[in-house]
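Q: Sending over a structure as structure tokens; questions will come in a sec.
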Amino acid sequence: MVKSRRILSLFLLLLCLAPQLAGAAEVQAVANRDRVPLGESLQLQLRVQGSPEGEADLGPLTAEWEVLSRSQSSQMQIINGDFSRSLIITLSLMPRREGDLTIPALCFGSDCSIPLPIKVTAAGKESGGTEVAELLLETEIAPDRVFSQGQLLLRVRLLHRVDLLQGSLSDPRPTGVDAMMQKLGEDRSYETRRGGHSYQVIERSYALFPQTSGTLNIAPLQFDGEIGRAAFGRSGKRIRKYSEPIRIEVLPPPADLGGRAWIPARSLLLSDDWQAKELKLTVGEPATRTLTVKAEGLQAAQLSNLPLPLPDGFKSYPDQPNRKDEATAAGVTGTLQQKTVLIPTRPGNYRLPAIDLAWWDTTAAQWRQAHLDPVEIEVSPAAGSAVAAPPGEPLPATGSESSNSNPATPLPSAGAGPSGFWPWLSLALGLGWLGTLLHFFFQRRKLRRALPLNDTPALREKAARQAVLKAAAKNDPRATRQALGAWSSTLWPEDERPDLERLSRTEAAPLRTEIEGLNRALYARTEGTWSGAPLIEALRQRQESPQARKESDTLPDLYPPA
């Protein structure tokens, strides 16, 4: 019974409120100011009393205004039995043009607001024409014209006299010619003065590299932010600024380019770690030469590899070039480092040719040339290797020839002195020599019987070759090179140390080609893994050749049979 009475009371209350709920809503538009500079925003409140029909239609605004943000709050009250409802929609609007604009009537169904006239003045001006300049957006580009692939420096500065609560700045959008763009470091902050007023500055720098000639256009940059003081929950003033558009003429390379590489830079330095050094190398031993090009105002990717001419008597294994860019507020500096492993193959005195690199000075607009002097190198023979005498010089005399060159010493005649002593002395010496010969003969036979059956040059050569095959099968380049050196020692036992260069020089293709490929894999440090399968196949072909079988058959034994 009690429950039924409560339901009835609620129904009667709704009947009393129904006329108010069904009544027309009152819509009022209120702007926080009726004059605004172009590039600044205003706030518009739509205040609704009562229950509106549907949602607000903001479509008429978009023709002359941009809606930056929207927020909404509502409230319901019952006072002395009177029910009321209010709705407030807050809009942040940015004018699209200068002039006399209107905020049109905004409707909730059939309930509409009254249009509001707004005066939009020139950017940075108040109604009285005085400079506001609360915030400035500036751009600066240098130089005013550039050669293709040269560097342009674009600096963007945001100056503000009031607190900058938040903001975003668009990136440059170059058009007209293809261009590469790179941001230079972090933003800089400092203080400057404009028109007698102090400004806080945020500066951002870019480097642009137009790749072809033509006209380079950069559209105005756009800044959207909020300035003022955000206190007690109140937001600051929304603001928008545009920079001036930029137009730059990009010139083609000069007509006298010829066959030279096109290297436009503010400065260029060419260096060599072998300059002004007394260099002494050894045949077969690798040495690394490092050439470095450092170009200011140019990216490293634009630097081509340096030529490295070599005289006969050297093998070269170039490494992958190392390129890096250093970006500072002054621009981009590209560095190319080129390392090459050189292996001398013959002893002697050599001169590595001079290196010249032509480049275009973008500041002086003229050709310049970087130069490296020739390098003198003394190459010594490998330890234990025989050195042929230079043509035209006599060979050094042997010990016997040397003794014959001295004045002859007269020998005593057969009749000089007593003849009975010398025959006995000769007999004693002969018997002693015969005993020594017999002792050496029996010791040699004893030593030969004690030696292992596999201690012969042919078997040692075979074991060393098998070690090469085993290391190559594991695709281990370093172990394979060591095994090749040990194998070369069995082929030429007169050398005191392994001579891999002699092995590469005397062997025919394809084994010589695979040895050179192994050296490249070790010294040039190219990407990828080395495979020993081609080397194994080359060794197999060598052993199957008639020349290899003939050498194996005629290889002398360490101890010939007695």
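Laboratory data are not the source of any read-out in this text; all were calculated from the coordinates shown. Since the structure is predicted, the reported quantities are computational estimates derived from the model, not experimental observations. A quick note on method: Cβ atoms are made from the backbone with ideal geometry, for glycine too, and the neighbour counts reach across all protein chains shown.
Q: Multiply the residue gap between SER380 and GLN275 by 0.36 nm, knock off their C-alpha separation, and tell me the result in nm, one decimal place. Please list the in-between numbers first.
A: Numbers: separation 105, 0.36 × 105 = 37.80 nm, distance 1.99 nm.
Result: 35.8 nm gained on full extension.
Q: Something else: Would you please put 203-215, 90-102 in order of how densely packed they are, using the mean number of other Cβ atoms within 10 angstrom per residue and starting with the highest?
A: Order by mean packing, descending: 203-215, 90-102.
Q: Another question, if that's okay. Could the peptides 186-195, 296-305 be put in order, highest first, of the mean number of other beta-carbon atoms found within 10 Å of their residues?
A: Ranked from most to least packed, the peptides come out as 296-305, 186-195.
Q: How many nm separate the modelled label positions at SER213 and GLN45, each set 7 Å beyond the Cα in the direction of the Cβ?
A: For the pair SER213/GLN45, the computed spacing is 6.4 nm.
Q: Next up: Can you run phi through the Karplus equation (6.51, -1.76, 1.60; θ = phi - 60°) for segment 270-284 and list ³J(HN,Hα) in whole Hz, with x for Gly and Pro?
A: Listing the rounded values in order: 10, 10, 8, 6, 9, 6, 6, 10, 8, 9, 10, 10, 10, 4, x Hz.
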